[in-house]
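A short write-up of the structure that comes next.
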Amino acid sequence: MKNRVTTEKNSSIEELIDALLLLENKQEAERFLKDLCTPQEMETLAERWKVCKLLNREDLSYREIHEQTGASLATITRVARFLKTEPHQGYAAILEKMVLRYPSAQGPQDDQKRKKIKPSSQS
């Protein structure tokens, strides 16, 4: 029974990923996320992304990030762990793409403060 439920969850996650890959523009993505997530879930996702970008700058303490975002220290620590040590490197991959596409996407800091993200060896 547990294996069937796990398999169904994995299949559902794969289907969600496939659906996300079909989004063609910001408006479509926004509409889809508004249908998929509650307003609180959207705020939580946006908060994590803001924390990720601030952590990537490497010039702010966790306390300063908390003061700027309102994110809990537990959330900041979790995002930092996934940004720096977890094997998925999803945050790092998207940060890298955003810097390439939108050079000012990291915020108003100079190039010396911007962390140089190494291209992922995973595909």
Query raised in the report: Residues in region 67-79: is at least one in contact (Cβ under 8 Å) with a residue 40 or more places away in the chain and in contact with a helix residue (DSSP H, G or I) (Cβ under 6 Å, 6 or more places away or on another chain)?
Result: no
Report task. Output yes when any residue across region 27-43 is closer than 18 Å to A93 by Cα and in a helix (DSSP H, G or I), and no when none is. Result -> no
Requested in this report: Return the pairs, sorted by first residue and then second, in which the second residue is hydroxyl-bearing (S, T, Y) and assigned to a helix (DSSP H, G or I), the first residue lies in region 40-58 and is within 16 Å of M98 (Cβ to Cβ) and assigned by TED's automatic domain parsing to the domain that holds I76, the beta carbons are less than 6 Å apart, and the residues are 6+ apart or on different chains.
Outcome: K50/T69; V51/T69; C52/Y91
Requested in this report: Would you check which residues across region 69-105 are assigned to a loop (DSSP other than H, G, I, E, B), under 15 Å from the mean Cα position of the chain (by Cα) and within 23 Å of Q40 (Cα to Cα) and list them?
Outcome: A71
**Report entry** So Y91, is it surrounded by 12 or more Cβ atoms within 10 Å (Cβ to Cβ) and of a type in the set (S, T, Y)
**Finding:** yes
Report summary line: Out of (1) under 23 Å from Q89 (Cα atoms); (2) under 18 Å from the mean Cα position of the chain (by Cα); (3) part of a helix (DSSP H, G or I); (4) not assigned by TED's automatic domain parsing to the domain that holds Q89, the one S11 does not meet is (2)
**Report entry** Qualifying residue in region 49-68 (condition: small (G, A, S) and part of a helix (DSSP H, G or I))
**Finding:** no
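The values are calculated or read from the model by the stated rules, or taken from the named source; none is laboratory data. Being a predicted model, the structure only gives us computed values, none of them experimental. Neighbour counts run over all protein chains shown; Cβ positions are idealised from the backbone, glycine included.
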